[in-house]
Amino acid sequence: DQKYLEFMDQEYHATHDLLWSDDEQLFFRDSSFFDRREKNGKNVFWARGNGWVFGGLALMIPDMPQDWEGRAFYVDLFRKMAVRLKEIQREDGTWSMGLLGGVEGYPIKETSGTSFFTFGLAWGINNGLIDRETYAPVVFKAWQALEDCVTPEGMLGYVQPVGAAPGDSFADKTEVYGIGAFLAAGTEVYQLVG
């Protein structure tokens, strides 16, 4: 029913118009974050929150009719975020919990945001939305970082606990949403390597 597509589009645009930063090409978690700053003075953009958006686009876009005029907005948004994520990936392959806070602000790695981004980027390559040559190195670097966070017993560590902002993560702590994102990333990386 077209009305559900139109309602989704209306609500998504309302959220986008409020929380999207044109300057940083990322989403604020909510309006209370507009004036929050990292230790380095940059805006606070929560990795997992942006991960939900980016991974969500990878799940939404396939369900949109190919000939729907509104589809281009979501594809363009996905591509914009992919460019920004490539720019701010850490040297260790992960993304900081506060995406612009750097290693200085977040010395401990985190796997839930990184898993969502790895999933989305690999999906984007696999579905022809972003360039393989440009983004595959980003995906493989992130996947290696994620693999390094799996314990010998098979537990994915360094998942930030339930929260509503960047926080701490711990080598011996995991959460179901982190594992779900990791498995989603794995399915796309598996397809990517063929």
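Observations on the structure shown:
- Residue count, the range 131-150 (criterion: open to solvent by 20 Å² or more (accessible area, probe 1.4 Å) and in a loop (DSSP other than H, G, I, E, B)): 2
- Hits in the range 24-53 - residues which are in a loop (DSSP other than H, G, I, E, B) and either open to solvent by less than 40 Å² (accessible area, probe 1.4 Å) or more than 22 Å from LEU121 (Cβ to Cβ) (or both): PHE28, ASP30, PHE34, ASP35, ARG36, GLU38, LYS39, ASN40, GLY41, LYS42, VAL44, PHE45
- Some residue of the range 167-187 being closer than 21 Å to GLY102 by Cα, part of a helix (DSSP H, G or I) and either modelled with pLDDT under 95 or touching a Lys or Arg at 6+ places or on another chain (Cβ under 6 Å) (or both): no
- Residue in the range 100-107 that is on the phi < 0 side of the Ramachandran plot and of a type in the set (Gly, Ala, Ser) present: yes
- Exactly one residue among LEU57, LEU85 is free of Cβ contacts under 8 Å to residues at least 60 places away in the same chain, surrounded by 15 or more Cβ atoms within 10 Å (Cβ to Cβ) and either within 17 Å of GLY124 (Cβ to Cβ) or among the charged types (D, E, K, R) (or both), and that residue is LEU85.
- In the range 1-23, the qualifying residues are those that are of a type in the set (Phe, Trp, Tyr) and open to solvent by 50 Å² or more (accessible area, probe 1.4 Å), and the one that is farthest from SER96 (Cα to Cα) is TYR4.
- Scanning the range 14-26 for residues that are over 16 Å from TRP52 (Cα atoms) and touching a residue at least 60 places away in the same chain (Cβ under 8 Å) yields a single hit, GLU24.
- Contact map, the range 159-175: residues that are within 12 Å of GLY113 (Cβ to Cβ) and touching a residue at least 40 places away in the same chain (Cβ under 8 Å) paired with residues that are open to solvent by 40 Å² or more (accessible area, probe 1.4 Å) and part of a loop (DSSP other than H, G, I, E, B), Cβ distance under 6 Å, separation 6+ or inter-chain. Pairs shown: VAL159/THR174; VAL159/GLU175; SER169/ILE108; SER169/TYR158.
- All positions within the range 151-175 that are crowded, with 16+ Cβ neighbours inside 10 Å and hydrophobic (A, V, I, L, M, F, W, C): LEU156, VAL159, ALA165
- Subset of the range 94-120 (residues that are buried (at least 24 other Cβ atoms within 10 Å of the Cβ) and free of Cβ contacts under 8 Å to residues at least 60 places away in the same chain): THR94, TRP95
The values are calculated or read from the model by the stated rules, or taken from the named source; none is laboratory data. This one's a predicted model, so the numbers in the text were calculated from it and none came from an experiment. Quick reminder, even Gly has a Cβ in these numbers, built from the backbone with ideal geometry, and neighbours come from all protein chains shown. What goes into the accessible areas is simple: the full protein's heavy atoms, side chains included, and nothing from ligands, DNA or RNA. Shrake-Rupley method; radii C 1.70, N 1.55, O 1.52, S 1.80 Å.
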